[in-house]
Amino acid sequence: MFMGWDDRPPRRHIGFDTPESLRNILTRSSPPHSCFHRTAYYDRPSEYKMADKGWRGADLIFDLDGDHLVGVDALDFPSMLNEIQEQAFRLWNDFLEPDFGFNAEKATFSFSGHRGFHIHYRHPSILHLDSKARQEIVSHISGAKLNIEMVLGKPDISWGKRVRRGLDSVLDRLQRFHEASDAERRGLYRELRSSAVLGTSGMTRPPSMSEKAMLKLAEMSVNSDRRRRLKNSTTKMGRQFGKQGDLFLALILGDQSVVLDQAAENDDNVTVDIRRVIRWIGSLHGKAGLKVTEFPVERLDPDGSNAFDALTEAVTFSKQKKESVCLELDDITARIGDEVVEGNKGEVIEVTEAMAIFLGLKRWASSV
C-alpha cells in the first residue's frame, strides 16, 4: 500500500512481478508519502476485493505508539519515544517471550519511523489464528478479564509477579494524588482514571471511577497499617479497600499492562486485525522524515548498555546543511542526533536539514 501526499485514498491491492516495477513507483517524480506491506498471506493478493484474495493466514503484529500513553507529553518527543520504547521492551520481556514462549529469531523489532515501535512475529504456529484468538492474546497483555486473586495465589504465574511489582508503583501514585494541591489533583485524577483496566474476572460490575472514589482510595492507601498488611499478604489486596478494592486492582493492572495501538479504520486493536498492513522497513515515514528501522532484540531495552537510539540511527537527511525555521507551537522539545531544539511559537532558529525536515513534517515549524 502507498499513501500519497494529498487527500486521495491510499493505493492498495497492488502486486509486483519484478523488483523493477516496484522501484518505478518508489523513484518516480512524486514518490509516496509512506509505504506499507501486508502481514497476511493470500492465494491471489492482487485481487481488489478482499473476499476474492483467498486468505491463508497472517503474522502477529504488535504496534505501540507513544501518544497513546497516559500522562505523556507528545510535544516532548525524545521523552515520549523513550517511554514507548520501554513499553515495547516490557511487552517482549514481560509478556511475549515468557508467557507465550515467542522466539526472538522469529520476530522483527523495528522503529516505526515516527512515534513508536513494532514487533512483528512470524511463525507457522500462529498463522491460522483468527481475530477472536488474537483478542485473547491482547486481553492477557492488557489484564482484561484477569482473575487477580487466582494469579496472586500462584507466585510462578507471570501476572502474579507483575501485580506484586505494581503494588508499590500504584501506592506511590495514589500518595502523590492525596498530597497534591487542588490545581494539580485534576490532572493526576485524569491520569489515574485513564490508566485503569476494568472488567477483570471477579468484578460483579465496574468500580466507580469518580474523583470522589479516587480520593477515598488515596486517603485509605496512605494508612501505614494498611500498607504493611498489603505487603505482607497480597493475596487479598483488594479487600483491604472495601468498596474501592476493585478500583485499586484496576489501577494495578493498568500500571503493569502494555498499551497497544488502535487501528484507525475500525477501532480494533492492530494485533487482532488479520488483514493488517505495516510500515515497510527501510522506508521513510512521511510525518517525521525518519526511517523505519530494524534492530536486534538485544537493543530494545532503552536502559541497556547498547540501546537503540531512533533519533540518531533512523536519521537519513543531512546534519551538516543549515536552514532557518520558525516554530509554530509552544513548549516543544525535539532531538536529532546531538542537536536539541526547545522553544515556543514565533521563535526563529537555525537548525540542520534533518531537524528542519522533522519539525516541518510534524508541523511544529515552517521554513523561513
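Nothing in this text is a laboratory measurement; each read-out follows from the coordinates by a stated rule. None of the values given here were measured: they were computed from a predicted structure. Note that we place each Cβ from the backbone using ideal geometry, even for glycine, and neighbour counts take in every protein chain shown.
List the trypsin sites (Lys or Arg not before Pro) within the range 268-346 that fall in a DSSP loop (any state other than H, G, I, E or B) and whose Cβ has at most 13 other Cβ atoms within 10 Å.
Counting only loop positions with at most 13 other Cβ atoms within 10 Å, the trypsin sites (Lys or Arg not before Pro) in the range 268-346 are 275, 321, 345.
Could you tell me which trypsin sites (Lys or Arg not before Pro) in the range 1-66 are loop residues by DSSP with no more than 13 other beta carbons within 10 angstrom of their beta carbon?
12, 28, 49
What is the sum of charges, Lys and Arg at +1 and Asp and Glu at -1, for the other residues whose Cβ falls under 11 Å from the Cβ of residue 93?
Computed value for this residue: -4.
Can you sort 280, 55 so the residue with the fewest Cβ neighbours within 10 Å comes first?
Result, fewest neighbours first: 55, 280.
Between residue 208 and residue 318, what is the spin-label point distance in nm, taking each point 7 Å from the Cα along the Cα→C-beta axis?
About 6.4 nm separates the two model spin labels.
In whole angstrom, how long is each semi-axis of the equivalent ellipsoid of the range 322-367, when you take the square root of 5 times every eigenvalue of its Cα gyration tensor and sort them from largest down?
One finds semi-axes of 14, 11, 9 Å for the range 322-367.
Residue by residue through the range 270-286, which ³J(HN,Hα) values in whole Hz follow from phi under the Karplus form 6.51 cos²θ - 1.76 cosθ + 1.60 (θ = phi - 60°), with glycine and proline marked x?
Taking θ as phi minus 60°, the curve returns 3, 4, 7, 6, 8, 10, 6, 10, 9, 5, 7, 4, x, 7, 9, 8, x Hz for the range 270-286.
If amide H atoms are built 1.01 Å from N in the plane of the peptide, which residues on other chains or at least 5 residues away come under 5 Å of the amide H of residue 42?
56
Any of 106/236; 132/216; 145/362; 321/345; 145/212 with alpha carbons more than 30 Å apart? Name them for me.
Beyond 30 Å: 106/236; 132/216; 145/362.
How much length, in nm to one decimal, is gained on full extension between residue 5 and residue 127, taken as 0.36 nm per residue of separation minus their Cα-Cα distance?
40.6 nm
Among 8, 90, what is the fewest-to-most ranking by other Cβ atoms within 10 Å?
Sorted ascending by nearby Cβ count, the order is 8, 90.
Evaluate the distance, in nm, between pseudo-label points positioned 7 Å from the Cα of residue 340 and of residue 105 along their respective Cα→Cβ axes.
Result: 4.2 nm between the two label points.
Quote the charge dipole size of the range 322-367 about the Cα centre in Debye, to the nearest 20; the model charges only the Cβ of Lys and Arg (+1) and of Asp and Glu (-1). Before the final figure, lay out each step's value.
Working: 5 positive and 10 negative charges, 37 e Å.
Here the range 322-367 has a charge dipole of around 180 debye.
So which residue, out of 141, 274, 14, gets the largest mean-square fluctuation from a GNM of the chain using Cα contacts under 10 Å as springs?
For the chain, modelled as a Gaussian network with Cα springs under 10 Å, the answer is 14.
What's the FRET efficiency of residue 236 with residue 97 using the Cβ-Cβ distance as r and R₀ = 35 Å, to the nearest 0.05?
About 0.70, to the nearest 0.05.
How much mean residue ellipticity at 222 nm does the chain get from its helices, if each DSSP H run of length 4 or more adds -39500 (n - 2.57) and you divide by all residues, to the nearest 500 deg cm²/dmol?
Calculated mean residue ellipticity at 222 nm is -10000 deg cm²/dmol.
Residue farthest toward the positive end of the dipole of the chain, with Cβ of Lys/Arg at +1 and Asp/Glu at -1: which of 104, 19, 58?
Checking the options against the dipole of the chain, the answer is 58.
For 294, 105, what ranking results if the residue with the fewest other Cβ atoms within 10 Å of its Cβ goes first? Don't skip to the end; give the middle numbers.
On the way: 294 14, 105 8.
Placing the least packed residue first, the sequence is 105, 294.
Hey, what do the phi angles of the range 290-305 turn into as Karplus ³J(HN,Hα) couplings, whole Hz, using 6.51/-1.76/1.60 and θ = phi - 60°, x for Gly and Pro?
Karplus values, whole Hz, x for Gly and Pro: 9, 8, 5, 10, 8, 8, x, 4, 4, 9, 6, 5, x, 9, x, 5.
Using a cut-off of 16 Å between alpha-carbon atoms, which aspartates and glutamates can reach residue 161, once sequence neighbours fewer than 8 places away in the same chain are excluded?
Once the sequence-local aspartates and glutamates are set aside, what remains near residue 161 is 94, 97, 99, 149, 255.
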